[in-house]
Structures are given as C-alpha cells and as structure tokens.
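Just below is one structure, and these are the notes that go with it.
Values quoted throughout were computed directly from the atomic coordinates according to the rules given, and no laboratory measurement underlies them. Predicted, not measured: the structure shown is a model, and the values here were computed from it. Here the Cβ positions follow ideal geometry from the backbone for every residue, glycine too, while neighbour counts run over all protein chains shown.
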Amino acid sequence: MALTRALAKEYGQQGFRINAIIPGGIITSGTKNKAKEILKPNFSLIKSGIDFKARLPLGRFGQPDEVALIAS
C-alpha cells in the first residue's frame, strides 16, 4: 500500500494512474488445504479461521474469478 501511494503521488501529476488490487480471503487450493487442517482438533486454528471470516466485508470468501474480473 505504501508503494502504491508513493507511486501515485510521484507519477499522478504526470498522468499515470497507480492502483493496487489487494484481495482478502479468496478460495484457492491453498485455502482449501488449510480448511482441511481446521477439521483436525486444533482449537487455536479454528478460532483464527472464525476470526478471519468475521472480518471479511461481505461475510464470505471470494472466488478467484472475482479478482480476475477486477484486473481485466
């Protein structure tokens, strides 16, 4: 975020538009593997997963296609 802001400030006056895409919780093969770990008795990991999902703005995980549509 700091780099994006710095570049936007530096080059914005020259007509460049600088943006960043920072996806939150996206369902990927990596997140699916972590979800399988949650099913094992690890209460600290379960709490972390619940806390993370509670902070998602839409209350759900996103799909990779949603991020791709923003970038295209």
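Kindly state, to the nearest 0.05, the FRET efficiency for residue 17 paired with residue 44, given R0 = 35 Å and r defined as their beta-carbon distance.
That gives a FRET efficiency of 0.25.
Restrict the search to the chain; then list the chymotrypsin sites (Phe, Trp or Tyr not before Pro) that DSSP places in a loop and that have at most 10 other Cβ atoms within 10 Å of their Cβ.
Working: sites: 11, 16, 43, 52, 61; in loops: 16, 61.
Answer in residue order: 16.
Mind checking the angle between helix 29-38 and the chain's longest principal axis? C-alpha axes, 0 to 90 degrees, to the nearest 10.
With rounding to tens, the tilt is 30 degrees.
Kindly express, to the nearest 10 degrees and within the range 0 to 90, the angle between helix 43-54's C-alpha long axis and the longest C-alpha principal axis of the chain.
With both axes taken from Cα atoms, the answer is about 40 degrees.
Would you work out which of 43, 56, 30 lies farthest towards the positive end of the dipole of segment 11-56? Charges go on Cβ: Lys and Arg +1, Asp and Glu -1.
43
Which angle between 0 and 90 degrees, to the nearest 10, do you get for helix 2-11 versus the longest principal axis of the chain when only C-alpha atoms count?
Approximately 20 degrees, to the nearest ten.
Tell me the label only: which of (1) 1.41; (2) 1.27; (3) 1.15 is Rg/Rh (Cα atoms, Kirkwood Rh) as calculated from this structure?
Step by step, Rg/Rh (Cα atoms, Kirkwood Rh) for this structure corresponds to label (3).
Want the number for residue 67 to residue 5: 0.36 nm per residue separation, take away the alpha-carbon distance, what's left?
Extra length available between residue 67 and residue 5 comes to 20.3 nm.
For every other residue with a beta carbon closer than 12 angstrom to the beta carbon of residue 45, add +1 if it is Lys or Arg and -1 if Asp or Glu, then tell me the sum.
+2
Give me the net charge for the shell around residue 54: Cβ to Cβ below 12 angstrom, other residues only, Lys and Arg +1, Asp and Glu -1.
+3
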